[in-house]
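Report on the following structure.
The values are calculated or read from the model by the stated rules, or taken from the named source; none is laboratory data. Just so it is clear, the structure is predicted and the values come from calculations on it, not from any experiment. Neighbour counts run over all protein chains shown; Cβ positions are idealised from the backbone, glycine included. Surface areas here come from the heavy atoms of the whole protein model, side chains and all, with no ligands, DNA or RNA. Shrake-Rupley method; radii C 1.70, N 1.55, O 1.52, S 1.80 Å.
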Amino acid sequence: MSETNPATAEVAAPHRYTAAAAAEIEARWQDFWDADGTYAAPNPKGDLAGDPKLVAKPKKYVMDMFPYPSGAGLHVGHPLGYIATDVFARFQRMTGHNVLHTLGFDAFGLPAEQHAVQTGEHPRVTTEAAINNMKSQLRRLGLGHDKRRSFATIDPDYYKWTQWIFVQIFNSWYDDKAKKARPISELVARFESGERAVPGGRSWDALSAAERADVLGEYRLAYASDAPVNWCPGLGTVLANEEVTADGRSERGNFPVFKAKLRQWNMRITAYADRLLDDLNELDWPEAIKLQQRNWIGRSEGARVDFPIDGEAITVFTTRQDTLFGATYMVLAPEHPLVEKFTPAAWPEGTHDVWTAGHATPAEAVAAYRAQAASKSDVERQAEAKDKTGVFTGAFATNPVNGEQIPVFIADYVLMGYGTGAIMAVPAHDTRDFAFARAFELPIRCVVEPSDDRGTDASTWDDAFVSYDAKIVNSHGEDVSLDGLGVTDAKARITEWLARKGIGEGTVNFRLRDWLFSRQRYWGEPFPIVYDEDGIAHSLPESMLPLELPEVEDYSPRTFDPDDADTSPETPLSRNQDWVDVTLDLGDGRGPRPYRRETNTMPNWAGSCWYELRYLDPHNSEKLVDPEIEQYWMGPRAGQPHGGVDLYVGGAEHAVLHLLYARFWSKVLYDLGHISSPEPFHKLYNQGMIQAFVYRDSRGFPVPATEIEERDGAFFHNGEQVKRELGKMGKSLKNAVTPEAICEEYGADTLRLYEMAMGPLDVSRPWDTRAVVGQYRLLQRLWRNVVDEATGEVTVVDAEPDETTLRALHKAIDGVRQDLEGLRFNTAIAKVTELNNHLTKAGAAVPHPVAESLVLLIAPLAPHIAEELWRKLGHTDSVVHQDFPVADPRYVVDETVTCVVQVKGKVKARLEVSPAISDDELEKVALADEKVVAALDGAGIRKVIVRAPKLVNIVPA
Ligand code: ANZ
């Protein structure tokens, strides 16, 4: 059958599957599904309780990273992951699972706030409009979401619980012994009873309320502190490290960012560093993502070592305590608090000119260098290639292993936020120290024997010798020697020696920092925190939640001259006196009192830290989630010792922050007994990106991709040749294709198939509108295999399929099953196509059972046409909950194998047999074979050894 123009075809074939037919079919089934609640996943109890038979099935929780409702709406790149999870969820429904699949919106965010700043329109208005638009776009794709479970993070019913979780985190501390979070009241009880000493040595009773609050602030998992933060006057807000570029500017807006000390909320995620690392092992995540998390957490085993100075000590963190004998100077971070303490009034006698940088006194040199360092980002300061700068502090400390007096420098390559903010420098074996030592003419002493031929005289070297697998040399003191030991043994010996002397200990250091949790914005969750007259923070009782955002006149934080570092944030909420200053009875026995509200808001990440839990029990007004319901959907089980969502699909750009924060909140909630699953996402999968061609004119400007003509491999726009490159899809590059446009031209089922057929799900691929028609034709052929295009009659027949068709069918069933389970949707589609083509080529009417299986096979991928054909095949119930076909193994295996038949150990015949043949059957076939009969020549048979399907050995009598 030829592919005809759809427009003329409609006349000749009024029942052809066309775009118009698809549109009608799809809209009809979408309405049906909504009305029927086809995708409603029943909970074991509560308002979403339902069919106990479905509840009794094994559960599957299939989830997408939810979208930010952008005003621009979706282009065809966005739903790639949503379609994939939908196909998977549908397949799981058809293989006996109760499937939870829904989608909400991550709806606090800067674009809506910025729009509000510019237009005065409330961000809620624009956000809700964007949500509605996206919902209708998504509905058009036929995604099988349980819509009862959808919400947006801006819904007060939702952020009530975000705030509630904040309160739980605020009111807990991390018990290092038990390795878990506990209520802060338990810590207070220990301080009160004296079971635990109060830091500072005083008794709890003797402390004022403010002093107690300060003590507890050192333990709370959410705490306010004056921390050095990234202050961006140009944006009027503080930024997280990740929001600052490598050259120290704001990712958004490109304004300068300064280090400033400001009172900010933090989350003590560092308390969980070990568990966040350890629990990764049991998760089914891409190795690359696990590695990124491990690096982000950055566990380093090493030692703390005290270097005596003026009766006190500078403590360093080192991972190479085995090289202590090679430490020839020390470096402190410029901001290190001990710098002033040890800096003498004048330069010591004979101080080297390069050490003083031309300054008259150490104090002057330190001040000048600090100012210079403050203007750089951490990344800039650590850049490997950059020239090492620094200045001598005028002070000397003692190397504890050999008593040597070594100079103390400050240099920006040492960061205050890592380890102890101080290092012992071993220039012979650390590249940065080597460069620094060369620049400042400091001694370089070899203590690890080079494996190359450079020799042990480090003064002649061109670079540091770095090895973890060599012999220690030149390392003996009065009562300790490391000479001859390997690195590992040397570390152990010196660590033991340091501990014995009380001047050091083995320790583990993490790169992970606490999470800066406040933003100077309007469009975020308000903190459920008020301050009393003493400035002590109190959390709001649950009865006062949600604390809703007040209406304001001005949404912008106050911004300042971008270069003016001497400014501090003023938040939009702080300008609302009525909201900020309140009299409340917090129910703590202190009665009504005046309080001042916290006027920062939570960062964007907050709402996405726990949304997987709320989908489970979205309307619960008593709890964030009912424990039994949580246990049902997320609880630990065989193969998933930490519980969690069964499949979580989203972009690899969320490798660290979102996934780490969500894991952290899960662990806190788990520790406090609110949930049974310490991990939120058991299996993670990163889908690739849909890329698009960008066409640029001679000036380099993008021209609309839809207006391009292709001739002989070249591309033209209005007659002018343009260049084609691969890029992102979007409005700005004039290459966005909307899902609506494709649905209109071919239907949603075609779009779904095309997106799934483009390539392996985790690989990025270029969109090609011209290729979409290929999947449309598949659906047309599928339709024709069931329906007569002229009459609309079903053409399938009640006949037994022939052997080749059975083989084609069962091979397809077997392959598609495995492919759908393994998220290999492109190869699944290839197999369905092959089967469909086989039926088309066969030319005869398709046997009823084959047509049914074919429809079931494609149902997860193209649900609308499947639903329609399923009805046409005589069913009255939805295809969504049918059993997925199971392959008959007899037809799956290769058609024949060669069986060797031996008589008296000699090969007499070769038989082509089914690999599924039984021993009995094979024996019969072998004994009946002409050649075998001839070879036996009438002799009786003593024994037949059969190894089906490959061997028959006959022993004549
Ligand atoms: C002596 C030494 C000798 C070091 C040697 C390395 C090699 P990781 O593995 O990333 O944890 N260091 C410690 N604190 C630092 C800070 N605040 N800023 C910059 N550098 C710092 O790195 C630990 C190593 O980085 C430590 O071990 C220390 O240098 C340096 F042959 O100490 B080492």
Completion exercise
Within region 398-409, the residues that are in contact with a Phe, Trp or Tyr (Cβ under 6 Å, 6 or more places away or on another chain) and within 14 Å of the ligand (Cβ to nearest atom) are Val401, Ile406, Phe409
Problem - Exclusive hit being without any contact (Cβ under 8 Å) to a residue 40 or more places away in the chain and either more than 17 Å from Ala499 (Cβ to Cβ) or basic (Lys, Arg) (or both), set Gly326, Gly311 - result: Gly311
Fill in the blank from the handout: The lone condition Tyr413 fails out of (1) open to solvent by 10 Å² or more (accessible area, probe 1.4 Å); (2) assigned to a loop (DSSP other than H, G, I, E, B); (3) modelled with pLDDT under 95 is (1)
Practice task
Looking only at region 624-640, decide whether some residue is among the acidic types (Asp, Glu), touching a His at 6+ places or on another chain (Cβ under 9 Å) and modelled with pLDDT of 95 or more.
Solution key: yes
Practice task
Say whether the condition of being buried (at least 23 other Cβ atoms within 10 Å of the Cβ) and on the phi > 0 side of the Ramachandran plot is met by at least one residue in region 644-652.
Solution key: yes
Problem - Within region 233-254, considering residues that are within 16 Å of Glu380 (Cβ to Cβ) and in contact (Cβ under 8 Å) with a residue 24 or more places away in the chain, the one nearest to the chain's Cα centre (by Cα) - result: Glu242
Practice task
Check Arg93 against each of (1) under 28 Å from Asp814 (Cα atoms); (2) open to solvent by 30 Å² or more (accessible area, probe 1.4 Å) and name the one condition it does not meet.
Solution key: (2)
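Go through region 608-620 and report how many residues are in a loop (DSSP other than H, G, I, E, B) and either free of Cβ contacts under 8 Å to residues at least 40 places away in the same chain or open to solvent by less than 10 Å² (accessible area, probe 1.4 Å) (or both).
Count: 4.
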Practice task
Could you please tell me which pairs satisfy a Cβ distance under 6 Å, a separation of 6+ or placement on different chains, a first residue in region 92-104 that is under 17 Å from Ile629 (Cβ atoms), and a second residue that is assigned to a loop (DSSP other than H, G, I, E, B) and among the charged types (D, E, K, R)?
Solution key: His97/Lys57; Asn98/Lys57; Thr102/Asp146
Exercise for the section: May I ask you to verify whether Val305 is within 29 Å of Asp554 (Cα to Cα) and not acidic (Asp, Glu)? Expected result: no
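Could you tell me which residue of region 49-83 is nearest to Arg124 (Cα to Cα), considering only residues that are of a type in the set (A, V, I, L, M) and assigned to a loop (DSSP other than H, G, I, E, B)?
Narrowing region 49-83 to residues of a type in the set (A, V, I, L, M): 49, 54-56, 62-63, 65, 72, 74, 76, 80, 83.
The next check asks that each one be assigned to a loop (DSSP other than H, G, I, E, B); those that pass are 56, 65, 72, 74, 76.
Values: Ala56: 40, Met65: 21, Ala72: 16, Leu74: 19, Val76: 26 Å.
By that ranking, first place goes to Ala72.
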Exercise for the section: Would you list the helices (runs of 4 or more DSSP H) that sit entirely within region 853-957 and hold 1 or more residues that are over 59 Å from the mean Cα position of the chain (by Cα), surrounded by 14 or more Cβ atoms within 10 Å (Cβ to Cβ) and of a type outside the set (Val, Ile, Thr)? Expected result: 919-928, 930-936
Handout entry: In region 304-314, the residues that are more than 19 Å from Arg513 (Cα to Cα) and either more than 16 Å from the ligand (Cβ to nearest atom) or open to solvent by 10 Å² or more (accessible area, probe 1.4 Å) (or both)
Key = Asp306, Pro308, Ile309, Asp310, Gly311, Glu312, Ala313
Practice task
Check region 329-338 and report whether any residue there is more than 9 Å from the ligand (Cβ to nearest atom), part of a helix (DSSP H, G or I), farther than 29 Å from Tyr369 by Cα and open to solvent by less than 50 Å² (accessible area, probe 1.4 Å).
Solution key: no
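Regarding Tyr555, is this residue among the hydroxyl-bearing types (Ser, Thr, Tyr), in contact with a Leu (Cβ under 7 Å, 6 or more places away or on another chain) and open to solvent by less than 20 Å² (accessible area, probe 1.4 Å)?
no
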Fill in the blank from the handout: Of Gly326, Gly298, the only residue that is within 11 Å of the ligand (Cβ to nearest atom), at positive phi and modelled with pLDDT of 95 or more is Gly298
Problem - Failed item, numbered, when Gln321 is tested on (1) under 34 Å from the mean Cα position of the chain (by Cα); (2) within 16 Å of the ligand (Cβ to nearest atom); (3) in contact (Cβ under 8 Å) with a residue 24 or more places away in the chain - result: (1)
Exercise for the section: Confirm whether Ser568 is touching a Leu at 6+ places or on another chain (Cβ under 8 Å) and open to solvent by 30 Å² or more (accessible area, probe 1.4 Å). Expected result: yes
Handout entry: Matching residues in region 881-899 - criterion: being under 30 Å from Tyr39 (Cβ atoms) and of a type in the set (Asp, Glu)
Key = Asp883
Problem - Set Asp64, Asp47: member being of a type in the set (D, E, K, R) and open to solvent by 20 Å² or more (accessible area, probe 1.4 Å) - result: Asp47
Handout entry: Single match in Asp430, Asp514, Asp489 (criterion: among the acidic types (Asp, Glu), without any contact (Cβ under 8 Å) to a residue 60 or more places away in the chain and out of contact with any Pro (no Cβ under 7 Å at 6 or more places or on another chain))
Key = Asp489
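Sort through Trp633, Trp605 and tell me the only one that's aromatic (Phe, Trp, Tyr) and either under 27 Å from Tyr555 (Cβ atoms) or open to solvent by 10 Å² or more (accessible area, probe 1.4 Å) (or both).
Residue meeting the stated conditions: Trp605.
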Handout entry: The lone exception for Phe392 - which of (1) within 12 Å of the ligand (Cβ to nearest atom); (2) of a type in the set (Phe, Trp, Tyr); (3) buried (at least 22 other Cβ atoms within 10 Å of the Cβ) it fails
Key = (1)
Practice task
Inspect region 344-361 for any residue being touching a Pro at 6+ places or on another chain (Cβ under 7 Å), within 14 Å of the ligand (Cβ to nearest atom) and not aromatic (Phe, Trp, Tyr) and give the result as yes or no.
Solution key: no
Exercise for the section: Restricting attention to region 571-587, report how many residues are surrounded by 10 or more Cβ atoms within 10 Å (Cβ to Cβ) and at pLDDT below 95. Expected result: 6
